[in-house]
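> This is the structure I have questions about; it appears just below.
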There are 2 protein chains.
Amino acid sequence: MTLSLAKTPPASEDELLARAGSVAGRSVGELAMKAQVRIPKQMRRAKGLAGQLLEQFLGADAGSKAEPDFRGLGIELKTLPVHEGRPKESTFVSTIELDRLGDTDFEDSVVWHKLRRVLWMPIEADPSVELPHRRFGAAILWSPDDDQRRTLQDDYERVAELVLRGRIDEITGHLGDALQVRPKAAHGGVRERAPEGIGGGYQWTGPRGFYLRPGFTAGILERAFR
Amino acid sequence: MTLSLAKTPPASEDELLARAGSVAGRSVGELAMKAQVRIPKQMRRAKGLAGQLLEQFLGADAGSKAEPDFRGLGIELKTLPVHEGRPKESTFVSTIELDRLGDTDFEDSVVWHKLRRVLWMPIEADPSVELPHRRFGAAILWSPDDDQRRTLQDDYERVAELVLRGRIDEITGHLGDALQVRPKAAHGGVRERAPEGIGGGYQWTGPRGFYLRPGFTAGILERAFR
DNA sequence: CAGGATCCACTATTGGATCCCG
DNA sequence: CGGGATCCAATAGTGGATCCTG
């Protein structure tokens, strides 16, 4: 299949996989050229750009929504930076709505909606290769198995309980076997509201997001290619 | 039981455990005083001294032999530095006789003879506490369970094969889940003979020893106190 | 700001080097 | 030296901070 910008969302998983197949083996530079987008050579100046380019070629239609990228298929798109066979970074899943987290069951959570079905697009992450020359790999269409699902839910529920009790300051990146909580903001000064725990008060704290640890995504890679 | 220097080897496991009980809770300084031994305040100047003191109080009789410390009982004595509930260091098991390793089955190895039954004496390893004030903990009389035994044997056999093939330079501290190989010498300049692999020749290389990784001894601690 | 992510300072771990005693 | 071990520089890994786009 020829590499081209998607004009419409994919109508089926097969169509999505066909589009993903047309991207596999291509470099970020090739996609940027076709999309008429300028890309910096240094990753530092282009965090997230490869993922946004991919959206255009695969036909993601959710925009900046708390919904899966492919709404019709219920599939989320994630790039996965891989170096020497292992994920180089954690994977951002979603921001945390601190004010609502305590009232939301895992089944109804943004985390679960984003992770129940994911199209992983591996991308080379060798620091010695400049961004335009980094290539995409073969797509992996994944859903959590029972174990993975249980791990995710346990991690989620532990965090939800702490937020509900107002013990935000006990939430650090150390929590969670697979799903971890880390700051998520343009810079450290940003503040947002969170439950205060006792009574209906609130407190101000930094915005946070859910991330998948590299060890967890490594397991996904291994199963896919083993 | 009163703390006192042992005049004879322990006649039974119970006697050994009774002596160990008399040491539990005592400080290195107390033992040194009774043994009329001078000890430096800094651990750096006294590596191994706590273990040697213990031998005197428990009645170890093997001296500097490749045999268990308590010959009659077939029990090896090991101190285990513990800080915040975890072993702070790896545990030295034995030197490696490179010239003989390839011909020796695990069952007949020094490693197995030393590890098939061990009296672990935990000792405080808080860096902020000077050596004389560090205290011994409650003894753990341990034998490997089937899993542990299998892990040790697998690690041993992998090393033995590399030595036999003369691929000494492929042996690094990275090998081994539980049992690891590391340099063991007064300084880096020491050299000894090892098989060269092809034919009956030999090569010169640094002396090495077997060590247990902290993760393995952590498991022993956890089972004993859980 | 929310969504796409990676950066990089710091911490934890590792494992090669070293220290004391008899 | 062999047996008793720990030291500590270097590396791997973690997780708080940050960067770009629309």
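Please treat every number below as a calculation from the coordinates, not as lab data. Keep in mind it's a predicted model, so treat the numbers as computed, not measured. Note that each Cβ is placed from the backbone with ideal geometry, even for glycine, and that neighbours are counted across all protein chains shown.
> If neighbour count is taken as other Cβ atoms inside 10 Å, put A:Lys184, A:Lys41 in order from fewest to most.
With the sparsest Cβ surroundings first, the list reads A:Lys41, A:Lys184.
> Something else now. Considering the Cα trace of the protein assembly as shown, what is its radius of gyration and what is Dmax, both in angstroms?
Every Cα atom of the protein assembly as shown included, Rg and Dmax give 29.6, 90 Å.
> Something else about it: How big is the gap, in Å, between the Cα center of region A:92-156 and the Cα center of region B:177-202?
Distance between centres, Cα-based: 46 Å.
> Would you kindly give the portion of the calculated P(r) for region A:67-128 that falls above 14 Å, as a percent of all Cα pairs?
The calculated P(r) of region A:67-128 puts 63 percent of pairs beyond 14 Å.
> Using modelled amide H (1.01 Å from N, peptide plane; none on Pro or chain starts), what sits under 5 Å from the amide H of A:Gln203, excluding residues fewer than 5 places away?
Amide H neighbours of A:Gln203: A:Ala194, A:Glu196.
> Counting DSSP beta bridges in chain B, what percent are antiparallel, to the nearest 5?
So the antiparallel bridges in chain B amount to around 75 percent.
> In nm, one decimal, shortest first: how far is the label point of A:Asp14 (7 Å from Cα along Cα to beta carbon) from the matching points in the other copies?
7.8
> Same structure again: How far apart, in nm, are two points set 7 Å out from the Cα along the Cα-to-Cβ line at A:Glu170 and at B:Asp146?
4.0
> Enter the angle in degrees (range 0 to 90, nearest 10) between the Cα long axis of helix B:13-23 and the first principal axis of the Cα atoms of chain B, meaning the one along which they spread out most.
Tilt of helix B:13-23: around 60 degrees.
> In addition: What fraction of the DSSP beta bridges in the protein assembly as shown is antiparallel, stated in percent and rounded to the nearest 5?
Bridges in the protein assembly as shown that DSSP calls antiparallel: roughly 75 percent.
> Here's something else I'd like to know. Using a Gaussian network model of chain B whose springs link C-alpha atoms within less than 10 Å, name the residue from B:Asp103, B:Asp61, B:Asp146 with the highest mean-square fluctuation.
Maximum fluctuation in the GNM of chain B, among the listed residues, is at B:Asp146.
> By average Cβ neighbour count within 10 Å, what is the ranking of A:154-164, A:81-91 from highest down?
Descending mean neighbour count gives A:154-164, A:81-91.
> Treating each Cα of chain B as an identical point scatterer and ignoring solvent, apply the Debye formula and state log10 I(q)/I(0) at q = 0.07, 0.14 Å⁻¹.
-0.24, -0.92
> Under 8 Å for C-alpha pairs, at least 6 residues apart: give me the relative contact order for chain B, rounded to a whole percent.
For chain B, the relative contact order is 21 percent.
> Just to verify a number: FRET efficiency for A:Lys184 and B:Gln52, C-beta to C-beta distance, R0 = 41 Å, to 0.05?
Working from the Cβ atoms, E equals 0.15.
> Reported to two decimal places, what Rg/Rh ratio describes region B:44-178 when computed on Cα atoms with Rh from the Kirkwood expression?
0.99
> Show me, bin by bin at 5 Å from 0, the whole-percent P(r) of region B:16-112 based on Cα pairs.
Binned Cα distances yield the sequence 2, 10, 19, 20, 20, 15, 7, 5, 2, 0.
> Another question, if that's okay. Viscosity 1.002 mPa s, temperature 20 °C: give me the Stokes-Einstein translational D for region A:120-179 in µm²/s, with Rh taken as the Kirkwood radius over C-alpha pairs.
Stokes-Einstein gives a translational diffusion coefficient of 147 µm²/s.
> Helix B:49-58 versus the longest principal axis of chain B: what angle, 0 to 90°, nearest 10, using Cα atoms?
Taking Cα atoms only, the helix is inclined about 70 degrees.
> Here's another thing I want to ask about it. Given a cut-off of under 8 Å on Cα pairs at least six residues apart, what relative contact order in percent is computed for region A:79-155?
Value for region A:79-155: 32 percent.
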